[in-house]
Each structure stands twice: as structure tokens, then as C-alpha cells.
1. In the stretch 286-305, what count of residues is obtained for those that are part of a helix (DSSP H, G or I) and either of a type in the set (S, T, N, Q) or open to solvent by less than 40 Å² (accessible area, probe 1.4 Å) (or both)?
2. If residue 241 satisfies all but one of (1) touching a Cys at 6+ places or on another chain (Cβ under 8 Å); (2) among the charged types (D, E, K, R); (3) exposed (fewer than 14 other Cβ atoms within 10 Å of the Cβ), what's the number of the condition it fails?
3. Scan the stretch 168-178 for residues that are open to solvent by 10 Å² or more (accessible area, probe 1.4 Å) and closer than 16 Å to residue 129 by Cβ and jot them down.
4. Can we say residue 154 is modelled with pLDDT of 95 or more and in a loop (DSSP other than H, G, I, E, B)?
5. Please determine whether any residue of the stretch 33-50 is touching a His at 6+ places or on another chain (Cβ under 7 Å) and polar (S, T, N, Q).
6. Here is a list of conditions, (1) within 18 Å of residue 36 (Cα to Cα); (2) of a type outside the set (Gly, Ala, Ser); (3) touching a strand residue (DSSP E or B) at 6+ places or on another chain (Cβ under 9 Å); (4) surrounded by fewer than 21 Cβ atoms within 10 Å (Cβ to Cβ), and residue 108 meets all of them except one; can you say which number that is?
7. Determine which single condition residue 154 fails, assuming it passes every other condition in (1) within 30 Å of residue 269 (Cα to Cα); (2) surrounded by 24 or more Cβ atoms within 10 Å (Cβ to Cβ); (3) hydrophobic (A, V, I, L, M, F, W, C).
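The values are calculated or read from the model by the stated rules, or taken from the named source; none is laboratory data. These numbers come from a predicted model, not from an experiment. Glycine gets a Cβ as well: all are built from the backbone with ideal geometry, and neighbour counts include every protein chain shown. For the accessible areas, the whole protein counts, side chains as well, though only heavy atoms, and no ligand, DNA or RNA atoms are used. Shrake-Rupley method; radii C 1.70, N 1.55, O 1.52, S 1.80 Å.
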Amino acid sequence: MTKRILIDADPGIDDACAILLALASPELSLEGVSIVHGNCSLEQGTINGLSILELAKASHIPVAKGCEKPLVQPSLLAPETHGNTGLGYAKLPDPQNRPVVQHGCDYLIEKILSSPGEVTLVAIGPLTNVALAIRQEPRLVHAIKELIIMGGAIRHEGNATALAEFNTYADPHAAHILFHAGIPTTLAPLDVTYQCILTSQDVERLQNIDSPISTFIKDATRFYMEYHDDYQGIEGCVINDPLALALTFAPELCDYQELPVDVDISGGVSMGKTFADFYNYEKKPANMKVALGVKARDFVELFLERMEMLAGSVGV
Ligand code: BDR
Ligand code: CA
């Protein structure tokens with residue numbers, strides 16, 4: 001049986017790759033995408049979400065526009081990482097489709113409550129939509145089958161500040177709400193995603209298939225690789241969001257620890273920093289499963305194979 005999933009994203013280069021991976025994975029049925037502010041504005045992210053689905057001939061999948069701003073913090077976008085449009089150097093045709101009329105939070109609530117215990121939610125942007133949705137409709141807590149979050153940096157340095165990861169830094173209060181909500185949660189932090197590096201050779205390999213999918217990946221990741229080189233001295237680019245997505249159907253890619261995890265919202269230098277109480281000083285129960293080890297190359301190979309399959313099926 002295929003696993004029913006919803007993606008909440010801020011598309012974004014690696015978000016776009018995660019959406020493509022979901023479409024290329026026979027284990028999954030992607031039922032909808034809600035959009036949140038983050039890598040780019042809500043407006044642009046919505047256009048990107050629709051365009052990516054159209055690129056992969058999946059325009060039947062609904063896109064819902066969610067929150068434009070974080071709950072408390074001022075808005076933070078990431079043009080240096082993802083480019084002004086959010087998709088690097090890729091240029092996609094304007095989408096033909098429109099987002100659904102429902103707000104992203106209402107969309108998540110309706111989809112999840114209509115099939116309690118059946119839908120896995122993969123959150124790969126700042127957590128504003130999901131946090132607001134559970135505040136609006138607390139029954140969601142028990143209706144979500146599993147929440148997989150790409151976010152946080154447990155033992156790893158930050159990528160938004162010295163300490164904090166982008167998604168938890170962009171809306172730490174939303175992350176705080178979700179971490180303490182009681183939803184069965186798996187966290188894919190930078191500790192694992194920063195080991196998953198897509199190289200220029202990998203992207204070159206995809207060019208053997210003449211398809212708008214391989215061209216998109218080449219144009220989008222070229223910008224993302226320049227960012228990784230300029231800012232972090234990394235050759236290639238880190239594909240954070242696709243790893244979180246892959247954990248829905250290949251959890252064995254990672255090793256996990258059940259831990260009490262929290263996020264700093266005190267407003268100081270560690271604002272948005274996630275931390276785990278490994279020695280349980282606070283005597284609190286674990287609130288999530290944290291991925292701390294990853295078979296990184298196995299995952300990158302899986303990603304490439306599936307992109308080859310998708311590129312082959314979409315064609316020129
Ligand atoms: C996360 O932040 C964004 O730049 C990426 O899309 C990913 O979701 C990584 O910190
Ligand atoms: Ca993202």
C-alpha cells in the first residue's frame with residue numbers, strides 16, 4: 001500500500017528536489033503541498049510549487065498558500081542561498097494552475113482530519129503553517145500519522161547563525177509549539193543532511209537523459225553549489241529536504257535516538273538553536289526521534305536513480 005503524504009514547503013531548491021523525489025517514489029502518494037514563507041516569499045514559493053508540479057506533469061496535485069510571515073519574528077528570506085526566485089538559475093514557465101482557495105492551514109486541517117491516522121506530514125520549511133494549524137485544530141495532534149521535520153542542528157553548527165539551522169531560526173516559536181505538541185515526530189537535522197552532498201558529477205550524470213527535469217536540476221543546483229562554495233567551502237550542494245522526504249519510505253537510511261529536544265526562543269545569541277538533553281539532566285521524556293547518523297552516499301544514489309527514472313518518464 002502506498003503511503004499517503006502531504007508536504008509543507010518553502011520552495012526553495014532542495015524543497016523542489018524533495019517534491020520531485022516524492023513524485024518519483026512509487027511507495028508514496030503525494031496528496032498536496034502547502035506553502036510557507038522561508039527561502040522565498042509566500043507568493044514566489046507558491047508559484048514555484050505549482051511550476052515544479054507542472055514540470056513533472058503532476059498538476060493534479062493541489063497547492064495551498066499558507067502563512068506569509070513567522071509567528072513572532074520578523075520575516076527572513078534566503079535569496080543568497082536559493083536566488084531571488086528561490087530556484088537558483090532555473091527558469092520555469094509560469095504555472096497554468098492556481099493554488100486552491102483554502103488557506104494552507106485550513107487545507108492541512110481538512111486533509112488530515114478527513115483520514116485520521118493515515119497521513120504523514122513532511123515539513124521542510126519554517127514550521128509556521130503546521131504550528132498554526134494545530135493551534136487552530138488541536139485534534140490534528142492525534143490525527144497526524146507521523147510528522148517528519150527537516151530542521152534543527154543538534155551537534156552540528158548552524159547554517160542561519162553560528163548555532164541555528166534556517167527552518168528553526170526562521171520561526172523558532174512555531175518550532176517550539178510543535179516540539180511540545182505530542183505529535184509522533186522524526187527530526188532530520190543538519191547533523192544528517194549536511195552529509196548528503198550532491199556533486200557536480202552527480203548532476204552531470206543526470207544530463208545523460210534529455211529532459212526538463214535534468215535541466216531543472218542542473219540550473220537550480222548550479223546556483224546552490226555556488227552558495228555552498230562561497231559561504232561554507234563545500235564542494236557540491238547539500239540536499240537537506242529530499243533526505244527528510246526519503247525517511248517516509250526508507251527510514252533505514254538513518255540511525256536514530258529518541259531524545260528530549262527543545263529549541264531556544266529566549267531571544268539571545270542562540271535564538272532558534274535546537275538542543276537535545278542526551279544525559280537527560282531535566283528528567284523529561286523523549287519528544288522525538290532524531291536522526292543522527294546517515295548512509296549518505298546510499299541516499300544520494302537513491303535520489304539520483306529516482307531522478308533518472310522521473311526524467312526518463314517526463315522526457316522532452
Ligand atoms: C533548510 O533551510 C532551507 O534553506 C532548505 O530548504 C532546508 O529546508 C536547511 O537548513
Ligand atoms: Ca526548505
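1. Residues that pass the stated criteria total 6.
2. Every listed condition holds for residue 241 apart from (3).
3. Hits for the stretch 168-178 are 173, 176, 177.
4. yes
5. yes
6. All conditions are met except number (4).
7. Result: residue 154 passes all but (2).
Here's the yes/no breakdown for (1) over 18 Å from the mean Cα position of the chain (by Cα); (2) within 16 Å of ligand 1 (Cβ to nearest atom); (3) not aromatic (Phe, Trp, Tyr):
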{"residue": "123", "(1), (2), (3)": "no, yes, yes"}
{"residue": "135", "(1), (2), (3)": "yes, no, yes"}
{"residue": "140", "(1), (2), (3)": "yes, no, yes"}
{"residue": "146", "(1), (2), (3)": "no, no, yes"}
{"residue": "150", "(1), (2), (3)": "no, yes, yes"}
{"residue": "153", "(1), (2), (3)": "no, yes, yes"}
{"residue": "170", "(1), (2), (3)": "no, yes, yes"}
